[in-house]
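The values are calculated or read from the model by the stated rules, or taken from the named source; none is laboratory data. The structure displayed is predicted, hence computed values, not measured ones. Cβ sites come from the backbone with ideal geometry, for glycine too, and all protein chains shown count toward neighbours. What goes into the accessible areas is simple: the full protein's heavy atoms, side chains included, and nothing from ligands, DNA or RNA. Shrake-Rupley method; radii C 1.70, N 1.55, O 1.52, S 1.80 Å.
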2 protein chains.
Amino acid sequence: MALPESRTLSLIFKYVDDHVLNYIELLKEAVAIKSVSCSPHLRDDCITMVKWLHCKLKALGVEAEECDVGTQTLPDGRPLRLPPVILGSLGNDPSKPTVCIYGHIDVQPAAQEDGWHTEPFNLTEIDGKLYGRGASDDKGPVLCWLNAIQAYQKQELPIPVNLKFVFEAMEESGSEGLEDLLKQRKESFFQNVDYVCISDNYWLGKDKPCLTYGLRGLCYFFIEVTCACKDLHSGVYGGTINEAMSDMVYLLSRLVDKDGTILIPNINNDVLPVTDDERRQYQEIDFSVLDYKTELGSPSLLHKEDKTKLLMSRWRFPSLSVHGMEGCFSDPGTKTVIPRKVIGKFSIRIVPNQDPIAVEKAVVDYLNKEWAKRGSSNKFKVSMVHGAKAWVTDPRNSNYEAAIRATKRVYNTEPDMTREGGSIPITLTFQEVTDKSVILIPIGACDDGAHSQNEKLDRRNYIQGTKLLAAYLYEIGKMGK
Amino acid sequence: MALPESRTLSLIFKYVDDHVLNYIELLKEAVAIKSVSCSPHLRDDCITMVKWLHCKLKALGVEAEECDVGTQTLPDGRPLRLPPVILGSLGNDPSKPTVCIYGHIDVQPAAQEDGWHTEPFNLTEIDGKLYGRGASDDKGPVLCWLNAIQAYQKQELPIPVNLKFVFEAMEESGSEGLEDLLKQRKESFFQNVDYVCISDNYWLGKDKPCLTYGLRGLCYFFIEVTCACKDLHSGVYGGTINEAMSDMVYLLSRLVDKDGTILIPNINNDVLPVTDDERRQYQEIDFSVLDYKTELGSPSLLHKEDKTKLLMSRWRFPSLSVHGMEGCFSDPGTKTVIPRKVIGKFSIRIVPNQDPIAVEKAVVDYLNKEWAKRGSSNKFKVSMVHGAKAWVTDPRNSNYEAAIRATKRVYNTEPDMTREGGSIPITLTFQEVTDKSVILIPIGACDDGAHSQNEKLDRRNYIQGTKLLAAYLYEIGKMGK
């Protein structure tokens with residue numbers, strides 16, 4: 001069904017098309033701030049990023065508050081102040097519905113020597129792609145909201161909804177402090193929210209837009225093994241102690257097999273069984289296994305490269321990844337060291353109805369048993385450093401309907417309904433605190449390389465994404481409360 | 001047998017005692033230059049270090065040449081110019097014996113955040129210990145030679161021998177380029193050498209000096225596994241590919257067990273059997289297992305903490321250490337990345353009569369088989385990045401006799417005759433090129449922490465070490481050619 005033309009949206013879309021270079025300049029400013037939340041030495045940059053955004057929101061007339069959410073405890077025991085969370089409000093018309101928007105402005109680490117072709121904190125456009133850390137995850141989408149609101153204001157059009165903003169700078173590090181804040185403000189800031197919208201994920205492919213109704217959760221673990229009080233020369237000491245690295249690779253090798261099967265007993269106990277209806281839905285989704293494989297550059301995918309099984313493995317089954325090790329020799333070259341202490345790092349993406357507490361217990365019990373089997377005299381510790389539940393919702397409601405209509409207006413196609421393998425731990429909390437429908441509207445494409453080298457956002461997605469969010473506000477305004 | 005007092009040595013020793021602060025100042029200068037040979041970005045500092053030493057040698061009247069030894073190839077294929085090797089000569093009296101001295105002025109990496117209590121490149125004295133990277137390995141011992149020669153000159157005493165110097169800045173990275181140079185100069189620079197002396201190892205304990213007649217060799221390996229063309233977000237992609245880290249920890253866990261036994265078949269085939277005579281020698285050595293264990297801070301040592309077995313495991317049996325991994329997430333914090341390519345690093349200390357070529361074959365064959373067993377579709381590569389033979393000699397000759405007499409003069413005790421678990425790959429080449437006796441005279445103590453955090457050289461060892469080398473030159477002068 002074609003939608004009747006909207007004069008409001010025509011004006012908005014024209015304004016957007018006329019201001020592409022301003023939007024790119026704005027994104028360049030945001031990317032330049034190294035707001036890497038997992039690096040304690042870059043904490044000040046995270047705070048700078050919050051202040052930068054606060055300033056931009058003020059310019060749009062948003063009443064915003066920088067909320068202190070306390071301190072985090074680093075793995076070595078030191079406390080570190082968390083960046084403040086921005087809570088903002090724009091509009092208070094009781095006849096309009098209220099939409100709560102969430103985004104994050106912190107990023108994953110990035111360094112040119114890891115294989116970036118451009119300086120990761122200097123937004124660089126090449127062939128219509130805007131390369132830079134955070135361009136797609138999630139500074140670009142956050143700015144799409146700001147651009148959309150500005151377009152309404154500049155065209156002197158009423159914003160069709162009241163807006164509530166929640167912007168944080170700790171998403172890449174478990175959103176520490178945010179959950180408590182949301183719960184505290186349940187009866188005040190969040191009281192009148194009618195819809196929640198989050199733009200912090202990606203299309204399933206490179207061309208077709210989608211809307212997302214489910215996310216996996218995340219349980220992140222540290223394994224610590226200590227063999228000595230200082231790093232040792234492997235020539236002088238090698239052969240006389242059982243080295244921590246040797247225990248560590250043993251433990252890490254007991255977690256997952258080459259087929260991606262998690263070796264931890266009972267880990268899948270609470271995973272919901274696949275229904276026939278679900279299987280049918282997955283079969284209908286537009287997803288090219290070949291494109292996906294090419295994008296990854298992987299010699300071979302798991303699950304015999306079956307489309308449905310691959311999608312289910314990304315969205316509705318848990319997976320375990322070993323990320324790395326702290327304390328080992330990790331530079332180029334040939335250092336002959338016996339590291340005194342190594343911290344192995346892995347995480348499990350969890351799914352409905354897995355509970356982080358139960359997952360933690362299964363992992364800790366298993367590793368304790370494996371450690372006992374190993375019979376090492378070294379010191380060993382395993383801990384879950386953060387755990388967040390998965391989220392899934394029924395998309396048959398007016399929030400999704402508005403987003404479908406907005407997508408058709410901008411992209412002229414019906415979006416696929418997808419789930420997402422990544423985690424936005426706070427999604428579930430938004431649902432609990434507002435008791436309203438939460439939608440994820442992705443802006444970027446599948447090949448944006450979030451968390452990877454050469455992260456980018458296509459210029460097309462940034463600009464059409466701005467229009468998409470403007471159109472979503474328009475459509476949701478028509479839906480009413 | 002007490003040695004008759006020597007007027008020459010009394011004068012030298014007095015001069016040394018009067019110039020302690022100058023010597024410490026000199027070592028501070030040397031430590032300040034970050035000559036980390038395994039870090040390509042610090043290559044210029046290695047070259048600066050060579051030039052600094054060249055300048056100091058010139059001041060002593062040494063005729064020195066900076067020999068170009070070409071380029072090395074980095075693991076990523078790029079060529080990198082090697083620092084020049086210094087060849088120097090002092091004295092040409094046909095009536096005196098000629099002693100060839102070797103030392104190195106490059107160092108292992110060091111950073112305060114790794115757990116140093118002081119800035120590693122700022123020599124800092126605390127309670128008679130001189131803390132700084134390279135203080136003991138091997139800048140301190142190199143400067144002991146310079147100090148000793150200067151003392152002869154300032155006291156206007158004839159240096160009792162002709163001297164040849166070989167100083168390099170690539171020892172910590174396999175002495176690349178040096179072996180070829182030594183072989184090229186066999187008939188020229190090295191023609192008249194009568195004795196070779198190397199100061200680049202440590203006492204067995206903290207108090208008793210020793211002389212060293214054996215070293216282990218080193219075979220260093222890289223294992224490379226690649227699963228994708230870029231690092232991936234573990235949420236988005238986890239569950240659909242077999243991750244490189246998972247293969248890597250599997251392979252690394254197949255190398256050595258918790259008792260230090262190397263799991264590679266045939267690896268010990270060529271290790272010389274222990275003789276009864278050898279066993280007796282080991283039993284006589286002054287070595288406190290408890291002190292050693294305390295120094296390491298290890299909960300438990302291997303080999304049931306038996307003294308002889310521990311010493312043999314350090315000196316005359318091979319050992320395998322897993323050093324680390326390049327490409328994995330190694331910073332503090334919780335990055336949720338699937339690394340696209342990881343390079344696992346391990347080395348085997350080899351002993352007489354193991355041959356690096358045979359060790360390489362055993363390792364590569366084994367890992368190829370383990371890889372086939374694993375059945376992974378990822379890309380895999382294993383390579384030996386350098387291999388160096390072990391060295392052992394019969395210490396019953398006048399080179400060792402002179403060093404024993406010198407030790408008695410300075411420390412008033414008979415040195416233990418030891419072997420060393422570490423590797424100075426070039427030792428064997430010196431023996432082959434000169435066909436003369438090679439001795440290792442350690443200057444530092446067992447707890448100096450070479451390659452470790454808080455490397456130090458005791459002020460006592462630096463100053464008495466200067467006297468020891470001066471006395472060695474005196475005694476070897478009396479031995480004649």
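Quick rundown of the values:
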read-out: Members of the stretch A:340-391 that are among the basic types (Lys, Arg), assigned to a helix (DSSP H, G or I), more than 21 Å from B:Ser246 (Cα to Cα) and within 13 Å of another protein chain (Cβ to nearest Cβ); value: none
read-out: Residue under evaluation A:Val69, criteria (1) under 28 Å from A:Ile404 (Cα atoms); (2) modelled with pLDDT of 95 or more, criterion not met; value: (1)
read-out: So B:Ser321, is it open to solvent by less than 20 Å² (accessible area, probe 1.4 Å) and outside any loop (DSSP other than H, G, I, E, B); value: yes
read-out: Any hit, the stretch B:134-144, residues being touching a helix residue (DSSP H, G or I) at 6+ places or on another chain (Cβ under 7 Å) and surrounded by fewer than 24 Cβ atoms within 10 Å (Cβ to Cβ); value: no
read-out: Among the residues listed as A:Leu9, A:Leu42, the single one being within 23 Å of A:Leu80 (Cβ to Cβ) and either of a type outside the set (Phe, Trp, Tyr) or crowded, with 19+ Cβ neighbours inside 10 Å (or both); value: A:Leu42
read-out: Breaking point among (1) in a loop (DSSP other than H, G, I, E, B); (2) buried (at least 23 other Cβ atoms within 10 Å of the Cβ); (3) more than 8 Å from chain B (Cβ to nearest Cβ), for A:Lys335; value: (3)
read-out: All positions within the stretch A:156-168 that are open to solvent by less than 30 Å² (accessible area, probe 1.4 Å) and either within 30 Å of A:Leu11 (Cα to Cα) or among the small types (Gly, Ala, Ser) (or both); value: A:Ile159, A:Pro160, A:Val161, A:Asn162, A:Leu163, A:Phe165, A:Val166, A:Phe167
read-out: A:Asp286 being outside any helix (DSSP H, G or I), more than 30 Å from A:Val249 (Cα to Cα) and either facing another protein chain (nearest Cβ under 7 Å) or in contact with an Asp or Glu (Cβ under 6 Å, 6 or more places away or on another chain) (or both); value: yes
read-out: Pair list, Cβ under 8 Å, 6 or more apart: the stretch A:274-286 residue open to solvent by 90 Å² or more (accessible area, probe 1.4 Å), other residue not charged (D, E, K, R); value: A:Arg279/A:Thr308; A:Gln283/A:Thr308; A:Asp286/A:Leu204; A:Asp286/A:Gly205
read-out: Candidate set: the stretch A:458-480, residues that are more than 15 Å from A:Trp203 (Cβ to Cβ) and among the aromatic types (Phe, Trp, Tyr); chosen: the one most open to solvent (accessible area, probe 1.4 Å); value: A:Tyr474
read-out: Scan of the stretch B:208-229 for residues that are under 24 Å from B:Arg254 (Cα atoms) and either within 7 Å of chain A (Cβ to nearest Cβ) or open to solvent by 10 Å² or more (accessible area, probe 1.4 Å) (or both), ordered by number; value: B:Arg216, B:Leu218, B:Tyr220, B:Phe222, B:Glu224, B:Thr226, B:Cys227, B:Ala228
read-out: Test for B:Asp200: is it charged (D, E, K, R) and either within 7 Å of another protein chain (Cβ to nearest Cβ) or crowded, with 24+ Cβ neighbours inside 10 Å (or both); value: yes
read-out: Pair list, Cβ < 8 Å and 6+ apart or interchain, from the stretch B:352-370 residues that are without any contact (Cβ under 8 Å) to a residue 60 or more places away in the chain to residues that are among the hydrophobic types (A, V, I, L, M, F, W, C); value: B:Val364/B:Val382; B:Val364/B:Met384; B:Asn368/B:Val382
read-out: Qualifying residue in the stretch B:148-170 (condition: closer than 30 Å to A:Leu232 by Cα, in contact with a Phe, Trp or Tyr (Cβ under 8 Å, 6 or more places away or on another chain), of a type outside the set (Val, Ile, Thr) and part of a loop (DSSP other than H, G, I, E, B)); value: no
read-out: Residue list for the stretch A:374-394, filter: open to solvent by less than 50 Å² (accessible area, probe 1.4 Å) and within 20 Å of the chain's Cα centre (by Cα); value: A:Met384, A:His386, A:Gly387, A:Ala388, A:Ala390, A:Trp391, A:Thr393
read-out: Filter result for A:Phe167 (touching a strand residue (DSSP E or B) at 6+ places or on another chain (Cβ under 7 Å) and either closer than 30 Å to A:His117 by Cα or at pLDDT below 95 (or both)); value: yes
read-out: Which numbered condition A:Leu181 fails, given (1) touching a helix residue (DSSP H, G or I) at 6+ places or on another chain (Cβ under 6 Å); (2) open to solvent by less than 20 Å² (accessible area, probe 1.4 Å); (3) in contact (Cβ under 8 Å) with a residue 24 or more places away in the chain; value: (1)
read-out: Identity of the residue in the stretch B:411-430, more than 14 Å from chain A (Cβ to nearest Cβ) and open to solvent by 20 Å² or more (accessible area, probe 1.4 Å), that ends up farthest from B:Gly465 (Cα to Cα); value: B:Leu428
read-out: Options B:Lys28, B:Lys51; residue that is out of contact with any strand residue (DSSP E or B) (no Cβ under 7 Å at 6 or more places or on another chain), open to solvent by 90 Å² or more (accessible area, probe 1.4 Å), of a type in the set (Lys, Arg) and modelled with pLDDT of 95 or more; value: B:Lys51
read-out: Lone unmet requirement of (1) under 30 Å from B:Asn22 (Cα atoms); (2) out of contact with any His (no Cβ under 6 Å at 6 or more places or on another chain); (3) open to solvent by 10 Å² or more (accessible area, probe 1.4 Å) for B:Glu171; value: (2)
read-out: Failed item, numbered, when B:Ile126 is tested on (1) among the aliphatic types (A, V, I, L, M); (2) under 19 Å from the mean Cα position of the chain (by Cα); (3) surrounded by fewer than 23 Cβ atoms within 10 Å (Cβ to Cβ); value: (2)
read-out: Residue within the stretch A:109-120 that is at pLDDT 95 or above, over 23 Å from A:Ala30 (Cβ atoms) and either of a type in the set (Lys, Arg) or touching a strand residue (DSSP E or B) at 6+ places or on another chain (Cβ under 9 Å) (or both) present; value: no
read-out: Any chance B:Thr429 is part of a loop (DSSP other than H, G, I, E, B) and of a type in the set (S, T, N, Q); value: no
read-out: Residue list for the stretch B:434-449, restricted to those being open to solvent by 10 Å² or more (accessible area, probe 1.4 Å) and hydrophobic (A, V, I, L, M, F, W, C); value: B:Cys446
read-out: From the options A:Leu252, A:Leu263, A:Leu232, residue that is at the interface with another protein chain (Cβ under 8 Å from one of its Cβ atoms) and modelled with pLDDT of 95 or more; value: A:Leu252
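For (1) surrounded by 14 or more Cβ atoms within 10 Å (Cβ to Cβ); (2) under 19 Å from the mean Cα position of the chain (by Cα), each residue gets a yes or a no:
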residue	(1), (2)
A:Val36	yes, yes
A:Glu66	yes, no
A:Thr73	no, no
A:Leu82	yes, yes
A:Thr98	yes, no
